[in-house]
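*Asks:* One structure follows; several queries about it will come next.
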Amino acid sequence: MGVTLRVAEPDPLLSLDGVTLRYGSGASAVTAVQDITVDLAVGDRLVLLGPSGCGKSSLLRAVGGFQPVDGGRIHLRGKPVGKPGPDRMAVFQEFDQLLPWRTVLGNVRYALQRGRGLDRATAGKRARDWIGRVGLTRVLDAYPHTLSGGMKQRVAIARAFALEPDLLLMDEPFAALDALTRRQMQDELLALCEQTGASVLFVTHGIDEAIRVGTHVLSLSPHPGRMKALIPVPLAARQRGTTAFAQLEASLQADLLGEADQDTAPPSGERRHG
Amino acid sequence: MADATLAAPAATAPAAAPADQASRLRFNGWRKVVLLLGLALLWEGYARHLGNALLLPTFSATVRALVEGFASGELLARTATSLELLLMGYGAGLVLAALLTALASLSRWGAELLELLTAMLNPLPAVALLPVALLWFGIGAPSLVFVITHAVLWPVALSSYAGFRSVPRTLRMTGRNLGLSAPRFIIEILMPAALPQILAGLRLGWAFAWRTLIAAELVFGVSARSGGIGWFIYTNRAQLETANVFAGLLTIILVGLIVEALLFRGAARATIQRWGQEQ
């Protein structure tokens with residue numbers, strides 16, 4: 001597919017310019033992603049879509065500052081991204097991202113105190129508000145180990161939103177949930193994004209989820225992760241069951257499956273999943 | 001039985017044996033009471049049969065000695081002396097262990113240092129350091145505190161460091177995401193996350209320290225006036241007051257059980273059990 005792979009934003013929130021990430025060093029180094037160039041404007045929800053091994057999570061971690069960049073540049077609001085910070089709050093797939101020794105309220109409040117420097121009372125007030133917005137007021141004082149997976153992810157989402165980051169990073173946040181909960185959470189996330197106008201970088205391997213959640217979908221090929229296509233999701237396609245949705249899904253699927261077919265060729269050398 | 005499976009994971013290390021006894025006492029106490037009564041009867045019977053109070057006093061004589069020892073205040077004072085020394089050594093050991101572990105979690109050099117030191121010094125029995133301690137500090141409390149510190153430091157540092165290392169990556173990333181400073185990251189994220197292992201280390205350290213102290217006191221016991229419970233046993237043996245020797249031993253067991261049951265079980269209940277962190 002010959003597509004222009006860069007939305008030229010005049011004043012991008014996030015800008016990736018020829019980003020390359022590697023694992024290991026010397027001769028055994030494996031390239032995880034290669035030459036990714038893409039911009040994200042305020043209010044965009046950019047989905048990185050691809051099979052495992054395309055380095056989409058590595059890319060997200062590099063934006064978060066959790067992983068060094070081996071080539072190219074990542075800028076947030078025109079400045080190179082540095083160490084991890086609350087301006088790029090992340091929600092991870094794993095359920096253990098909440099502090100087990102703090103209650104639901106305590107988790108969100110602590111993040112606000114430390115990440116935003118708020119005093120305890122102000123942080124508590126804002127935390128309650130956000131916990132209410134994800135529908136968890138009744139478990140305010142519960143410890144994370146007593147919550148279901150979906151509830152834990154809701155708390156993590158509330159925590160991330162409460163900090164009002166410039167950019168939300170979501171690394172397959174619903175991948176470990178059952179299908180029904182996942183759908184519900186996608187809708188809830190969408191509602192929150194629309195209320196707040198949040199900018200999101202979202203990683204998934206689910207085509208359906210990508211169309212549902214994103215305003216733009218960047219599909220990646222595996223080994224190493226290269227850009228395949230950057231597709232804006234038309235408003236009409238955002239509703240499940242519409243023709244536009246089905247068309248977009250089919251086209252993305254053909255895209256990714258075509259790549260998967262190539263991928264079944266005998267692998268050359270060792271490979272790693274990023 | 002559910003009770004038994006609940007009690008089982010408590011026995012994680014040889015030194016945690018008192019823990020095991022304490023938890024079983026709590027979970028199905030009546031069996032233990034029956035067994036204890038049986039053992040006491042056996043002791044009483046055999047001692048009477050033997051008829052030699054110098055070798056083996058009867059159970060009743062031992063209990064009487066124990067009660068009299070506490071009534072006269074002597075055993076209590078001896079126990080207090082021992083515990084005071086123990087707490088000093090334990091505290092010093094904990095501070096050093098915290099420093100070493102913090103260093104190890106902050107830098108590669110610190111990590112290598114901790115690994116090297118624990119590998120070398122952990123197998124070294126604390127009592128083996130007594131001659132050195134005597135040379136450096138002379139006969140007295142400082143020597144005892146020194147060997148207790150040694151006994152506590154390595155197991156606590158080792159298990160705390162293992163705990164730090166096993167903190168899930170996601171949790172670390174969450175902490176870094178908030179932009180925490182290094183001290184805050186250690187105190188507010190790593191330490192509570194590693195609490196199960198830290199508590200296990202504290203328990204192990206306590207058991208080591210208690211044994212080391214008694215052993216050290218038996219060897220040179222400070223002085224008659226300010227000696228601890230080991231000294232009490234030593235002097236009573238010399239005076240052939242065997243019932244008192246056994247009363248001293250019982251006191252050691254009792255203190256171990258009480259600390260285990262009240263302090264460590266209580267701490268675990270209030271923290272890691274409540275937070276669902278217990279392994």
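The values are calculated or read from the model by the stated rules, or taken from the named source; none is laboratory data. Everything quoted here is computed from the prediction, not taken from an experiment. Virtual Cβ from ideal backbone geometry, glycine too; neighbours counted across all protein chains shown. Calculation scope for accessible area: heavy atoms of the full protein, side chains included, ligands and nucleic acids excluded. Shrake-Rupley method; radii C 1.70, N 1.55, O 1.52, S 1.80 Å.
*Asks:* Name the helices (runs of 4 or more DSSP H) wholly within the stretch A:145-233 that hold at least 2 residues that are among the hydroxyl-bearing types (Ser, Thr, Tyr) and under 24 Å from residue A:67 (Cβ atoms)? Give the derivation first.
*Replies:* Details: elements: A:149-162, A:179-196, A:207-213.
Output list is empty.
*Asks:* Still on this model: Does any residue in the stretch A:91-102 that is touching a residue at least 24 places away in the same chain (Cβ under 8 Å) and more than 8 Å from chain B (Cβ to nearest Cβ) come within less than 9 Å, Cβ to Cβ, of a residue that is open to solvent by less than 10 Å² (accessible area, probe 1.4 Å) and assigned to a loop (DSSP other than H, G, I, E, B) six or more places away or on a different chain, and which pairs are these?
*Replies:* Here the result reads A:91/A:173; A:93/A:173; A:93/A:174, each pair linking the stretch A:91-102 to a residue that is open to solvent by less than 10 Å² (accessible area, probe 1.4 Å) and assigned to a loop (DSSP other than H, G, I, E, B).
*Asks:* Among the residues of the stretch A:141-169, how many are touching a strand residue (DSSP E or B) at 6+ places or on another chain (Cβ under 6 Å) and surrounded by fewer than 21 Cβ atoms within 10 Å (Cβ to Cβ)? Give the derivation first.
*Replies:* If we filter the stretch A:141-169 for residues that are touching a strand residue (DSSP E or B) at 6+ places or on another chain (Cβ under 6 Å), which is where we start, we get A:156-157, A:160, A:163, A:165, A:167-169.
Restricting the remaining residues to those that are surrounded by fewer than 21 Cβ atoms within 10 Å (Cβ to Cβ) gives none.
Number satisfying all stated conditions: 0.
*Asks:* Kindly state which strands (runs of 3 or more DSSP E) lie completely within the stretch A:29-143 and contain at least 3 residues that are closer than 23 Å to residue A:195 by Cα, out of contact with any Cys (no Cβ under 6 Å at 6 or more places or on another chain) and among the hydrophobic types (A, V, I, L, M, F, W, C). Break it down stepwise before answering.
*Replies:* On the way: elements: A:30-40, A:45-49, A:71-76, A:88-91.
In the stretch A:29-143, the matching strands (runs of 3 or more DSSP E) lie at A:45-49, A:88-91.
*Asks:* If we keep just the residues of the stretch B:91-135 that are surrounded by 18 or more Cβ atoms within 10 Å (Cβ to Cβ) and touching a Gly at 6+ places or on another chain (Cβ under 7 Å), which is farthest from residue B:230 (Cα to Cα)?
*Replies:* In this case the residue turns out to be B:104.
*Asks:* Let me ask something additional. With respect to the numbered conditions (1) within 14 Å of another protein chain (Cβ to nearest Cβ); (2) in contact (Cβ under 8 Å) with a residue 40 or more places away in the chain, which one is the sole condition not fulfilled by residue B:270?
*Replies:* For residue B:270, the failing item is (2).
*Asks:* Does residue A:109 count as open to solvent by 40 Å² or more (accessible area, probe 1.4 Å) and more than 8 Å from chain B (Cβ to nearest Cβ)? Reasoning before the result, please.
*Replies:* Numbers: open to solvent by 40 Å² or more (accessible area, probe 1.4 Å): yes; more than 8 Å from chain B (Cβ to nearest Cβ): yes.
Here the answer is yes, as residue A:109 does meet what is asked.
*Asks:* Here's another thing I want to ask about it. When the residues of the stretch B:151-175 are filtered to those that are more than 13 Å from residue B:105 (Cβ to Cβ) and within 12 Å of chain A (Cβ to nearest Cβ), which remaining residue is surrounded by the most Cβ atoms within 10 Å (Cβ to Cβ)?
*Replies:* Residue satisfying both the conditions and the ranking: B:174.
*Asks:* Tally the residues that are within 14 Å of chain A (Cβ to nearest Cβ) and buried (at least 22 other Cβ atoms within 10 Å of the Cβ), restricting the search to the stretch B:198-222. Give the steps one after another, and end with the answer.
*Replies:* Of all residues in the stretch B:198-222, those within 14 Å of chain A (Cβ to nearest Cβ) come to B:198-199.
Keeping just the survivors that are buried (at least 22 other Cβ atoms within 10 Å of the Cβ) gives B:198.
So the count comes out to 1.
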